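Engineer: Questions regarding the structure given below will be posed in turn.
The values are calculated or read from the model by the stated rules, or taken from the named source; none is laboratory data. Predicted model, so just to flag it, every value in this text is computed and none were measured. All Cβ positions, even for glycine, are placed from backbone atoms using ideal geometry, and neighbour counts span all protein chains on display. Accessible surface is based on the protein model in full, side chains and every heavy atom, while ligands, DNA and RNA are left aside. Shrake-Rupley method; radii C 1.70, N 1.55, O 1.52, S 1.80 Å.
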Amino acid sequence: MSADEADRLEGLVQDLLSELGENPEREGLRRTPARVAAAFRFLLQGYETDPEQVLNDALFHEDNDEMICVRDIELYSMCEHHLLPFVGKAHVAYIPNGTIVGFSKIPRLVDVYARRLQVQERLTTQIAETLNRLLSPQGVAVVIEATHLCMTMRGVQKQNSVAVTSAMLGVFREDRGTRNEFLDLLRRSRDA
């Protein structure tokens, strides 16, 4: 983000504070526009990252056809409807078809898409479709469980609600046994 863009964002935050009836020049708010601008740049840094580049340097040829699962990946995103956070966990699995990806790249891919204005449904699908496109696996499964502040601190104000979304591609969609194996791995994490 350029200096002009940062100044513009800070000015918008200052205008917002004024519109809310606050004095942006009072001591506690004087640096708030700069802090909010920096926070949004960090929280939405996913726009600056190409998801393909995150994975491409860690693709390896391997004759493995067993399920690979990385679960309980913390995620933090921003609801595009209210600009409030949603927080949760992603669980990602795939069955290779000659290509694997380094384990650490899966949480990085989750972050690339989570660090954008999002809806959970799209986030889930973007992760699955990117892995499917770049790995050409037998199948990909993604489940996201998240608490949305737009539901807990405003709106319906249901403190213990968790939204669950899934994307099942390839054998995870077509084969109930494969899908159930993945879902059993997720259940075991809760029972442990």
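Engineer: Extending each Cα 7 Å along its Cβ direction at residue 175 and residue 16, get the distance between those two points in nm, one decimal.
Structural biologist: 4.8
Engineer: Using r as the Cβ-Cβ distance of residue 122 and residue 185, and R0 as 25 Å, what FRET efficiency do you calculate, to the nearest 0.05?
Structural biologist: 0.55
Engineer: Right, another one. Top mean-square fluctuation among 124, 165, 32, Gaussian network model of the chain, C-alpha springs under 10 Å?
Structural biologist: Largest GNM mean-square fluctuation: 32.
Engineer: Where only protein heavy atoms count, and the probe is 1.4 Å, what is the accessible area per residue for segment 10-161 in Å²?
Structural biologist: On a per-residue basis, 54 Å².
Engineer: Expressed as a rounded percentage, what relative contact order does the chain have, with Cα pairs under 8 Å and six or more residues apart?
Structural biologist: 18
Engineer: Okay, next question. Quick check on segment 49-192: what does the Kirkwood estimate of hydrodynamic radius come out to from the alpha carbon pairs, in Å?
Structural biologist: 15.6
Engineer: Given 0.36 nm per residue, what is the gain on full extension from residue 64 to residue 159 after removing their alpha carbon distance, in nm? Before the final figure, lay out the partial values.
Structural biologist: Details: separation 95, 0.36 × 95 = 34.20 nm, distance 4.24 nm.
Extending this stretch completely gives an extra 30.0 nm.
Engineer: So how tilted is helix 3-19 from the main axis of the chain? Cα-based, degrees 0 to 90, rounded to 10.
Structural biologist: That helix lies at roughly 70 degrees to the long axis.
Engineer: Lys/Arg Cβ at +1, Asp/Glu Cβ at -1, dipole of segment 123-192 taken about the Cα centre: which of 144, 168, 131 is farthest positive-ward?
Structural biologist: 144
Engineer: Using a simple charge model, +1 on the beta-carbon of Lys and Arg, -1 on the beta-carbon of Asp and Glu, nothing else, what dipole does the chain show about its Cα centre, in debye to the nearest 20?
Structural biologist: That gives a dipole near 600 debye.
Engineer: Which percent of the accessible area of the chain is formed by carbon and sulfur heavy atoms (probe 1.4 angstrom)?
Structural biologist: Percent of accessible area from carbon and sulfur atoms in the chain: 48.
Engineer: Let me ask you something else. Tell me, what is the percent relative contact order of segment 88-192, built from C-alpha pairs under 8 Å that lie six or more residues apart?
Structural biologist: Result for segment 88-192 is 29 percent.
Engineer: Hey, another quick one. Cα axis of helix 120-135 to longest principal axis of the chain: angle in degrees, 0 to 90, nearest 10?
Structural biologist: 50
Engineer: Another question about this same structure. State the extension gain, in nm to one decimal, for the chain segment bounded by residue 97 and residue 133, taking 0.36 nm per residue of separation less the distance between their alpha-carbons.
Structural biologist: Using 0.36 nm per residue and subtracting the Cα-Cα distance, I get 11.7 nm.
Engineer: Add -39500 (n - 2.57) for each DSSP H run of 4 or more in the chain, then divide by its residues: what number comes out at 222 nm, to the nearest 500 deg cm²/dmol?
Structural biologist: Theoretical 222 nm ellipticity from helices: -13500 deg cm²/dmol.
Engineer: While we're looking at this one, here's another question. Assuming a ≥ b ≥ c are the square roots of the Cα gyration tensor eigenvalues, decide whether segment 1-103 counts as rounded (a/c under 1.5), prolate (otherwise, with a/b larger than b/c) or oblate.
Structural biologist: It is prolate, given that a/c is not under 1.5 and a/b is the larger ratio.
Engineer: Counting each pair of different Cα atoms once, what's the Kirkwood radius of segment 25-77 in Å, rounded to one decimal?
Structural biologist: Values: mean 1/r = 0.0647 Å⁻¹.
Computed over segment 25-77, the radius equals 15.5 Å.
Engineer: Which part of segment 98-117 falls in the paramagnetic zone of residue 82, meaning amide N under 15 Å from the point 7 Å along Cα-to-beta-carbon?
Structural biologist: Answer for segment 98-117: none.
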